[in-house]
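Notes follow once the structure below has been shown.
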Amino acid sequence: MTSAPVRHESLPYYISTDITEFDFDRVHAWLAASYWAKDIPMDICRRGFENSLSFGLFHEHDGQMGCARMITDRATFAYLADVYISAETRGQKLGRWMMDVVMAHPDLQGLRRMMLATSDMHPLYRQVASLTSPNQRS
């Protein structure tokens, strides 16, 4: 299910869960160079996003600038994966905004558990974890 895009209140960005908007050449390039998905094949990258609740961060003129996905059954569990903000977009607090949008998505409300594994960005995820109830954190 795709919900309406969420527009940033003051910057020319929006977040969409419409997988047909995703620029998989960009997404694949970002993730294949990351420490957590190094050298991931394009078809595996694409299938992962297509079979998850996926979020794309888009600039109104410059296209996709970030992504995240929740691997979820939309009933009891979700695992946050593949969060990425392009280098040229960093420093504008768009990562925090994207996480706020992800956590507010209707399909992720009332879950029993949300999980995340990361080697970096702990300060961002600590802020986001404070938005969820204790029974949703892991």
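The values are calculated or read from the model by the stated rules, or taken from the named source; none is laboratory data. Since we're looking at a predicted model, the values are computed, not measured. Using ideal geometry, Cβ is built from the backbone for each residue, glycine included, and neighbour counts are taken over all protein chains shown. Please note that ligands, DNA and RNA were not included when accessible areas were found on the heavy atoms of the full protein model with its side chains. Shrake-Rupley method; radii C 1.70, N 1.55, O 1.52, S 1.80 Å.
Here are the numbers:
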quantity: Residue within the range 5-15 that is among the basic types (Lys, Arg) and assigned to a helix (DSSP H, G or I) present; calculated: no
quantity: Selection count where residues are of a type in the set (Ser, Thr, Tyr) and either open to solvent by less than 20 Å² (accessible area, probe 1.4 Å) or farther than 21 Å from Met65 by Cβ (or both), scope the range 98-119; calculated: 1
quantity: Unmet criterion (only one of (1) surrounded by fewer than 17 Cβ atoms within 10 Å (Cβ to Cβ); (2) in a strand (DSSP E or B)) for Phe58; calculated: (1)
quantity: Qualifying positions in the range 69-86 - in a strand (DSSP E or B), open to solvent by less than 30 Å² (accessible area, probe 1.4 Å) and either more than 20 Å from Ser3 (Cβ to Cβ) or small (Gly, Ala, Ser) (or both); calculated: Ala78, Ala81, Ile85
quantity: The range 28-70: number of residues that are over 26 Å from Met114 (Cα atoms) and touching a strand residue (DSSP E or B) at 6+ places or on another chain (Cβ under 8 Å); calculated: 2
quantity: Near pairs, Cβ below 9 angstrom, 6+ apart or cross-chain, from the range 26-37 (assigned to a helix (DSSP H, G or I) and of a type outside the set (A, V, I, L, M, F, W, C)) to any residue that is surrounded by fewer than 19 Cβ atoms within 10 Å (Cβ to Cβ) and modelled with pLDDT of 95 or more; calculated: Arg26/Gly63; Arg26/Ser86; His28/Ile40; His28/Pro41; His28/Met42; His28/Arg46
quantity: Condition broken by Ala4, with the remaining ones in (1) closer than 20 Å to Met99 by Cα; (2) touching a helix residue (DSSP H, G or I) at 6+ places or on another chain (Cβ under 9 Å); (3) loosely packed, with under 12 Cβ neighbours inside 10 Å satisfied; calculated: (2)
quantity: Options Gly48, Gly66, Gly95, Gly91; residue that is open to solvent by 60 Å² or more (accessible area, probe 1.4 Å), out of contact with any Pro (no Cβ under 7 Å at 6 or more places or on another chain) and without any contact (Cβ under 8 Å) to a residue 40 or more places away in the chain; calculated: Gly91
quantity: Residues (under 15 Å from Trp30 (Cα atoms) and among the acidic types (Asp, Glu)) located in the range 40-70; calculated: Asp43
